[in-house]
Amino acid sequence: MSEAKPDFSKGAAYINGQYVPISEAKIPVGDWGFTHSDVTYDVVHVTDGGFFRLEDHLTRFHRSLEGYRLDPGVTREEMRQILGKVVALSGLKDAFVAMVSTRGVPRVYGSRDPADCENTFIAYAVPWVDVIKPDVQERGAHLLVAQVPRISQNSLDPTLKNYMWRDFTRGMFEAKDKGFDTAILLDSEGYLTEGAGFNVFIVKDNKVITPDRGALRGITRLAVLDICPELGLEPIVGPITFEELMDADEVFTTTTAGGVMPCARVNERIYGNDRPGPISAKIKETYWRKHKEGWHMTPVNYADADN
Ligand code: PLP
């Protein structure tokens, strides 16, 4: 009797050199990725069967690996193939595709030397998810500037993608307690940084401004900076104070898992008519239209599932 085919319908993963259903992708409790949050990752999305800005995500991932001194021994070309294969196996046309490298388990039991660890490479594709739910995006998200400051970028480089979310998680609890959708954080000098899984933009006149500090260099942020000139808007990467945030015409957030997500409120401030602002809506519409036109898209080869 032939063995039953694995069920990849809820997602497919690559771990320990093998392709497995997502429910079987597990890391050992001794992995420093778990015990010390010693892990980096990146997430690229697939829409209509194509990766968006795959090469930009791979470049950022390699920068994060170098920054963390992680070497999982997998080439960029191999990563490209593995990412394509997990999507092909899942059969998903709209997916959230992660590449992860953990420090791993020390080769010598009990070692405290990170150089003793066997670094891992894990990849997986799961169905698309939105960081801010679609109905909330529709009405415009309500953001709270949390009391907790973003961890200093001198301690944790926010441009290297990481899972050290203690500050964000505290902020999210505070936001939910106070009836907001999610939180954004200022740094200890009072400048706007980012939120739990997204970058932030403000719109003032025809200027579209995103923080120059304390934040990941988001790939969706990059896409917005690229789109602005064709809409007659001036993209700016610069410092944003709390007062400037409150005085903005519009606010929106950006992420791979959601795209351009307009906001309607920050703290007690209500922007425009308490709905997504017109410039945010235009940028969002342009972002998705360009996806449909194939902008920066790399088609997934679904036949790879059988190879
Ligand atoms: N900021 C943080 C902390 C993130 O985790 C993410 C994405 O996960 C972003 C910003 C948005 O980056 P990107 O547009 O590349 O998804």
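The values are calculated or read from the model by the stated rules, or taken from the named source; none is laboratory data. Because the structure is a prediction, the values reported are computed rather than measured. Cβ coordinates were reconstructed from backbone atoms using ideal geometry, including for glycine residues, and neighbour counts include every protein chain displayed. Protein only, heavy atoms only, side chains kept; ligands, DNA and RNA dropped before computing areas. Shrake-Rupley method; radii C 1.70, N 1.55, O 1.52, S 1.80 Å.
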Check your understanding: Roughly how many whole Å is it from the C-alpha centroid of segment 19-77 to that of segment 248-307?
Key -> 23
Exercise for review: Evaluate the distance, in nm, between pseudo-label points positioned 7 Å from the Cα of Ser188 and of His36 along their respective Cα→Cβ axes.
Suggested key: 2.3
Review point. What does the helix-only formula give at 222 nm for the chain: each DSSP H stretch with n ≥ 4 adding -39500 (n - 2.57), the total divided by the residues, and the result rounded to the nearest 500 deg cm²/dmol?
Key: -8000 deg cm²/dmol
Revision key, fill the gap. If R0 = 35 Å, then Lys207 and Asp130, at their Cβ-Cβ distance, give a FRET efficiency to the nearest 0.05 of 0.80
Point to revise | trypsin sites (Lys or Arg not before Pro) within segment 115-207, DSSP loop, no more than 12 other Cβ atoms inside 10 Å | key: Lys178
Review point. How far is helix 166-177 tilted off the main Cα axis of the chain, in degrees rounded to 10, range 0 to 90?
Key: 50
Check your understanding: Within the accessible area of the chain, what % is carbon and sulfur when the probe is 1.4 Å and the other protein chains stay in place?
Key -> 52
Exercise for review: Work out how much length Glu78 to Asp306 would gain on full extension: take 0.36 nm times their residue separation and subtract the Cα-Cα distance, in nm to one decimal.
Suggested key: 80.4 nm
Point to revise | Two-site label geometry, Asp48 and Phe242: point separation in nm, points 7 Å out along Cα→Cβ | key: 4.4
Study note, to complete from the structure: Whole-Å distance linking the alpha carbon centroid of segment 208-233 with that of segment 172-190 is 22
Check your understanding: Binned at 10 Å from 0, what are the whole-percent values of the Cα-Cα distance distribution for segment 166-307, short to long?
Key -> 11, 40, 32, 12, 5, 1
Check your understanding: For the chain, what's the relative contact order in percent, using C-alpha pairs closer than 8 Å and at least 6 residues apart?
Key -> 19
Review point. For segment 174-307, with only Lys/Arg (+1) and Asp/Glu (-1) charged at the beta-carbon, what is the dipole magnitude about the Cα centre, in debye rounded to 20?
Key: 300
Practice item. Counting other Cβ atoms within 10 Å, keep those with at most 16, restrict to DSSP loop, and tell me which GluC sites (Glu not before Pro) in segment 227-307 are left. Key: Glu268, Glu293
Check your understanding: In the chain, with Lys and Arg counted as +1 and Asp and Glu as -1 at Cβ, which of these residues, His36, His62, Ala146, has the Cα nearest the positive end of the dipole, that is, farthest along it?
Key -> His36
Exercise for review: Quick one: which residues, 5 or more positions from Phe198 or on another chain, have an amide H under 5 Å from its amide H? H modelled 1.01 Å from N in the peptide plane, none for Pro or chain starts.
Suggested key: none
Exercise for review: Normalise the Debye intensity by I(0) for segment 144-209, one equal point scatterer per Cα, no solvent, then take log10 at q = 0.15, 0.16 Å⁻¹ and round to two decimals.
Suggested key: -0.48, -0.54
Practice item. Check cross-link reach from Lys85 to the lysines: straight Cα distance under 29 Å, and skip same-chain residues fewer than eight apart. Key: Lys5, Lys10, Lys26, Lys93, Lys133, Lys161, Lys290, Lys292
Check your understanding: Please identify the GluC sites (Glu not before Pro) of segment 1-99 that satisfy two criteria: DSSP loop assignment and at most 15 other Cβ atoms within 10 Å. Which are they?
Key -> Glu3
